[in-house]
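Note sheet for the following structure.
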Amino acid sequence: MFLFFLPQSADMSAASNLRSEDQFLCSICLDVFTDPVSTPCGHNFCKTCISQHWDMNQSCQCPMCKETFSTRPQLRVNTFISEMVAQFRQQQAAKPGEVPCDVCTGTRLKALKSCLVCQTSYCQTHLEPHLTVKRLKRHQLIDAVENLEGWMCTKHDKPLELFCKTDQTCVCMLCSVLDHKNHEFVPLREEYEGKKAELEKTEAEIQQMIQKRRLKIQEITESVKMKKQAEGLIKDLEQEISELMERSSEVEQLSRSEDHLHLLQSFSNLKAAPPTKDWTEVRVHPPSYEGTVGRAVAQLEETVWKPMKKKLFEAELQRVQQYEVDVTLDPDTANPYLILSDDGKQVYCGDVEKNLPDNPERFSLCPCVLGEQSFSSGRFYFEVQVKGKTKWTLGVATESINRKGQITASPQDGFWTVWLRNGNEYKALDDPSVDLCLHPGPEKVGVFVDYEEGLVSFYDVGAAALIYSFTGCSFTHKLHPYFGPCINDGGKNSAPLIICPVNQTESIND
């Protein structure tokens with residue numbers, strides 16, 4: 001029996017170098033050895049492969065070196081090579097989570113590629129025909145995937161090769177000319193690369209957000225440390241104050257004594273002050289203000305700054321109320337679902353569309369209406385009652401705005417507005433929009449415009465507080481007051497928007 005063995009001088013590193021896949025391939029079946037045997041000439045084959053080869057030929061010839069044997073050699077499994085092959089298969093076997101080769105028998109090796117045409121995954125050995133055979137080279141290979149059925153179009157049973165950007169879905173070639181005709185397509189890999197780049201960008205942004213939050217945790221942790229330090233220092237100070245007050249009382253009593261002897265005898269005991277710390281150089285980091293000092297600042301703000309701020313806003317509101325103008329609603333601009341009062345001061349949304357002429361001034365889709373008055377200079381102010389409503393939009397708009405179809409309310413489209421949605425969600429429709437925290441929400445809103453200054457301000461009249469200001473606006477057209485009562489929402493939002501006369505006494509004392 002001929003053995004396949006390493007030279008005696010070879011060590012383990014040499015053995016590992018020989019453990020490439022080519023060392024374990026049968027030259028007949030081109031697969032990893034199964035029950036490897038050695039011929040007298042020293043070549044190795046699968047036992048079944050060489051036996052069948054000799055069965056089919058009259059002579060016993062080695063397929064490798066062509067040496068002919070006069071008698072058929074008795075073949076026995078080469079145990080050493082078998083062990084090496086077993087180790088190799090173990091090393092190359094598909095691990096959990098990896099895609100196994102569909103062709104391998106016994107130990108299934110890790111697949112390198114999957115063929116969308118054959119619907120089969122191949123290891124390096126079994127992939128070879130797809131890399132060399134002309135007909136198979138035309139097949140579409142992808143990195144090995146476990147669920148090959150998912151890569152096939154369920155409707156046409158063809159590989160998903162394209163990405164439809166119009167419908168944002170993966171399609172096959174037949175889809176592109178049948179179900180998605182005239183749509184925009186890119187190769188699947190191109191879209192994959194684009195989406196992968198987006199994900200990498202998102203991941204970088206998320207990592208940045210994580211880092212910021214870690215820094216914030218560190219900052220808060222330091223603040224907590226400083227807060228505890230401040231509380232400890234305050235406790236020490238209070239203790240020393242207590243001791244000093246006690247000593248002060250003793251000194252005061254002794255100073256009033258008319259007993260000369262008692263005063264002189266007691267004086268030496270009082271001369272030494274109680275143990276105190278030198279606080280001159282003691283400093284606490286600003287975050288300690290979150291503790292006792294922070295409470296003092298909060299109390300100061302509550303008792304001094306808030307009343308002062310309210311007075312300032314009251315004075316500001318009184319100033320802008322001087323520019324009150326008489327505003328009435330323009331029926332020629334009202335959406336057909338809107339119901340206007342006879343005096344043109346109230347508007348709400350009904351359930352029935354009125355048969356009105358579709359003149360150019362009328363809003364065709366959005367439930368809104370403009371004021372009849374227009375302004376191209378100076379300052380003007382008006383107030384609108386919004387009490388009882390769950391949705392509304394208020395502000396000003398240019399005369400040139402789009403009034404047909406869907407409308408985008410933003411400064412660049414000629415709108416300077418704020419709105420309420422869902423009963424408590426307030427937003428200034430700036431560019432970009434700004435969420436507003438209003439608790440409780442206003443019952444009456446004041447709108448002030450300074451045309452030359454490029455300023456649009458909104459006020460909570462009852463609270464005498466500023467809601468939001470659009471600044472740096474560039475007005476080039478006439479401005480109209482804008483009213484959007486929104487749909488009545490099954491009666492939940494049936495209350496009207498009411499244009500109110502300015503009542504300064506009410507606005508200040510509400």
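The values are calculated or read from the model by the stated rules, or taken from the named source; none is laboratory data. Every value quoted in this text rests on a predicted model; they were computed, and no experiment measured them. Backbone-built Cβ (ideal geometry, glycine too); neighbour counts: all protein chains shown. What goes into the accessible areas is simple: the full protein's heavy atoms, side chains included, and nothing from ligands, DNA or RNA. Shrake-Rupley method; radii C 1.70, N 1.55, O 1.52, S 1.80 Å.
Before moving on, here are some points about what is shown:
- Applying the criterion of at least 1 residues that are touching an Asp or Glu at 6+ places or on another chain (Cβ under 8 Å) and farther than 25 Å from Ala495 by Cβ to the strands (runs of 3 or more DSSP E) found wholly in the range 371-441 leaves 379-385.
- Restricting the range 110-132 to residues that are of a type in the set (Ser, Thr, Tyr) and at pLDDT 85 or above, the residue that is surrounded by the fewest Cβ atoms within 10 Å (Cβ to Cβ): Thr132
- Selection from the range 76-103 of residues that are closer than 13 Å to Phe33 by Cβ and part of a loop (DSSP other than H, G, I, E, B): Asn78
- So Thr107, is it exposed (fewer than 14 other Cβ atoms within 10 Å of the Cβ) and among the hydroxyl-bearing types (Ser, Thr, Tyr): no
- Checking every residue in the range 477-497 against the condition of being over 22 Å from Cys349 (Cα atoms) and open to solvent by less than 30 Å² (accessible area, probe 1.4 Å) gives at least one match.
- Scoring Asp143 on the criteria (1) closer than 27 Å to Cys101 by Cα; (2) buried (at least 16 other Cβ atoms within 10 Å of the Cβ) leaves a single failure, condition (2).
- Within the range 162-199, the set of residues being under 33 Å from the mean Cα position of the chain (by Cα), open to solvent by 60 Å² or more (accessible area, probe 1.4 Å) and within 17 Å of Gln140 (Cα to Cα) comprises Cys170, Pro187, Arg189, Glu190, Tyr192.
- Among strands (runs of 3 or more DSSP E) entirely within the range 462-510, having at least 3 residues that are at pLDDT 95 or above and closer than 25 Å to Asp435 by Cβ singles out 479-484.
- Inter-residue pairs, beta-carbon under 8 Å, first farther than 13 Å from Phe45 by Cα and open to solvent by 50 Å² or more (accessible area, probe 1.4 Å) and in the range 67-90, second among the basic types (Lys, Arg) and at pLDDT below 85, 6+ apart: Gln87/Arg19
- Total residues in the range 443-461, condition open to solvent by 10 Å² or more (accessible area, probe 1.4 Å) and outside any strand (DSSP E or B): 4
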